[in-house]
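Down below is the structure, laid out as structure tokens.
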Amino acid sequence: MPESFIADIVLTHPNAPLAPTLEAVPHASITEESVRPATTEDVPTVLYRVTDVDFHVFETELARDQTVAEWTQTMDFGDTRMYRVQLSPATILVSPTLSELGIHVVNSESADRGWRFRLETGERDHFGTLWEYCREEDIQFELEVLRSSGAQPIDEQAGIKAALTDRQRQVARVATQMGYYDKDGASAKDVAAELDIAPSTLSSHLRRINATVFESLFAVESD
């Protein structure tokens, strides 16, 4: 059976799909159910499943969201509603790049102010190319998990740890222990408070940590 690689990655950008709505209602649980490519515009229509939210507030924010061209509620199950959303041309989409790279989206769901993707590919370096693309487009990229389905485990932890500073290892350890990378774990504000730093400082640390991790995993060796 061919080896494949699976990564859980959180992507954040002010113009990512529903980003303003996610910022306004960060505790909402939103799952992308299906995507229908647009026929006349280079933006898709997406069906979202939404739970754990005040729906009146959610719909008010949808109406203000610059990434949303049109939306309609399609189903109401009480504590869960389905929404069909046509995204606007202002929306930053990673799906075309994922398709070009041959990366399959297993699922995607909201994660604080961004989106958590479970991605699968037969070539680990595809994730490195995706990381480079996100850096060029100023999309915040956080790697949560990287694993292999093959017989050979991904075991580069020692090299990665050595590449991190003592402070970065402390930040990564505290964030992990507090469940920051878990769906229902601590928020960035909680982790920053535990470390006695500002949330913006925590964000800077996490970006540098992720950059170091990816440079260690995917750096191209020079001749």
**Prompt:** Could you give me the ³J(HN,Hα) list for region 8-22, computed from phi with Karplus coefficients 6.51, -1.76, 1.60 and θ = phi - 60°, whole Hz, x at Gly and Pro?
**Reply:** 9, 10, 9, 10, 9, 7, x, 10, 5, x, 6, 4, x, 5, 4
**Complete:** Quarter of the surface of the C-alpha convex hull for region 17-87, i.e. direction-averaged projected area in nm², equals 4.3 nm²
**Approximate spin-label separation Arg64-Asn107, in nm, with each point projected 7 Å along Cα-to-Cβ** = 3.1 nm
**Request:** Obtain the nm distance between the two label points defined at Thr129 and Thr31 by a simple spin-label model: each point lies 7 Å from its Cα along the Cα-to-C-beta direction.
**Result:** 3.0 nm
**Item:** Charged-residue dipole, Cβ positions (Lys, Arg, Asp, Glu), region 1-106 about Cα centre, Debye nearest 20
**Value:** 160 debye
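Per residue, how big is the convex hull of region 1-134 when only Cα atoms are used? Give it in Å³.
About 116 Å³ per residue, rounded to a whole number.
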**Message:** Apply the Karplus curve 6.51 cos²θ - 1.76 cosθ + 1.60, θ = phi - 60°, to the phi angles in region 131-143 and return the couplings in whole Hz, x for Gly and Pro.
**Reply:** 4, 4, 4, 5, 4, 5, 8, 6, 9, 5, 10, 10, 8
**Message:** Give me a comma-separated list of calculated 3J(HN,Hα) values for region 91-99, in order, Karplus coefficients 6.51, -1.76, 1.60 applied at θ = phi - 60°, integers in Hz, x for any Gly or Pro.
**Reply:** 6, 8, 10, 9, 4, x, 5, 4, 5
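No lab work stands behind these numbers, since they all come straight from the coordinates. Everything quoted here is computed from the prediction, not taken from an experiment. Neighbour counts run over all protein chains shown; Cβ positions are idealised from the backbone, glycine included.
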